[in-house]
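The values are calculated or read from the model by the stated rules, or taken from the named source; none is laboratory data. Please read these numbers as outputs of a predicted model, since none were measured by experiment. Virtual Cβ from ideal backbone geometry, glycine too; neighbours counted across all protein chains shown. The accessibility values were calculated without ligands, DNA or RNA, using every heavy atom of the protein model including side chains. Shrake-Rupley method; radii C 1.70, N 1.55, O 1.52, S 1.80 Å.
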Amino acid sequence: MAETTSPAKLEAPTETPQELIISGKESLENYIQKGSDAGTFDASLPPLEIPIIDFGLLTSPSSSAQELEKLRSALCSWGCFQAINHGVEPAFLNKVREATKQFFALPLAEKKKYYQEDGSFEGYGNDKMQTLLWSHLLYLTVHPEDKRQLKFWPENPEYFRETLDEISKKLEVINQILLKAFARSLNMEENCFLDMFGEQALMLARFNWYPPCPRPDLVLGVFPHSDGSGLTVLLPDKEVGGLQFLKDNQWYSVPVIPEAFVVNIGDQLEVRSCSLTKLHLWQIKGFVLKKESNQSVYIM
């Protein structure tokens, strides 16, 4: 009687593609950016000194007029700015960064519990592009709360969910302040942008992790793009840069201000302001040294 055998079980991978490349087991070829995607980053260029908006001055009756004028200039000429004195404590920002770092440091098998499903952008994975990006991401809906898919929200580290919920609520308040200030600076009715987006406006969180790379000059962490959201609030890495904006057909690096948010105007706000605000393309490039990682958190 012939014996039947069960099909052999495939051993689950224990290393990410980037780890295989770093160890020399795989080629970097599929990550090398070619043509227009390669960008024109020149490390010798000076950083782009984008405007800095002080929330303390913006919300103070005695100084708001001057800061609103700075905000108007930032919106109309730059489409981005760095926000300081925004009310979120540095210790809490470090907690957000640490939760991000601890999640991406988990074994691959643990992270795959939250892996993206076919047809869905939520969860852990990579951007699905023909040329791969040198990054890992975790994409989650945070608002409205009834749209959250908690099966994709990591439970390790154990404080991740609580921290994400808290930062999203803090940024809801910041978004409301900003949208009202945007309208006033453009001589529009104060609540016009808030009313346009409504109380059930979609808010997404995206956590990016950029591992060390043997040739950081050849890869991208995020493709050149403008955001499809109303606005994006970015918490960058405190030490390793890499965020770049395109201005006058040249890529420039955004200097790191450790406790600042980088605020970027999205397509929806540009359209709804009747093109008074200005869009810029941005990307993540030149962001990883051979022995350092980089991370960023986007709330859109």
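Things to note:
- The single condition among (1) closer than 19 Å to residue 79 by Cβ; (2) crowded, with 18+ Cβ neighbours inside 10 Å that residue 192 does not meet is (2).
- Boolean, residue 172 is modelled with pLDDT of 95 or more and open to solvent by 10 Å² or more (accessible area, probe 1.4 Å): no
- The set of residues in region 72-93 that are over 21 Å from residue 170 (Cα atoms) and crowded, with 20+ Cβ neighbours inside 10 Å comprises 74, 75, 79.
- Any hit, region 117-129, residues being part of a helix (DSSP H, G or I), charged (D, E, K, R) and either out of contact with any Gly (no Cβ under 6 Å at 6 or more places or on another chain) or open to solvent by 10 Å² or more (accessible area, probe 1.4 Å) (or both): no
- Subset of region 142-162 that is surrounded by fewer than 18 Cβ atoms within 10 Å (Cβ to Cβ) and in contact (Cβ under 8 Å) with a residue 40 or more places away in the chain - its residue that is nearest to residue 202 (Cα to Cα): 144
- Tally, over region 54-110, of residues that are in contact (Cβ under 8 Å) with a residue 60 or more places away in the chain and assigned to a strand (DSSP E or B): 5
Listed here are the residues, each with its yes/no results for (1) over 18 Å from the mean Cα position of the chain (by Cα); (2) part of a loop (DSSP other than H, G, I, E, B).
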{"residue": "134", "(1), (2)": "no, yes"}
{"residue": "179", "(1), (2)": "yes, no"}
{"residue": "182", "(1), (2)": "yes, no"}
{"residue": "190", "(1), (2)": "yes, yes"}
{"residue": "193", "(1), (2)": "yes, no"}
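- Some residue of region 208-221 being touching an Asp or Glu at 6+ places or on another chain (Cβ under 9 Å), part of a strand (DSSP E or B), at pLDDT below 80 and hydrophobic (A, V, I, L, M, F, W, C): yes
- Scanning region 235-256 for residues that are assigned to a strand (DSSP E or B) and within 18 Å of residue 90 (Cβ to Cβ) turns up 235, 236.
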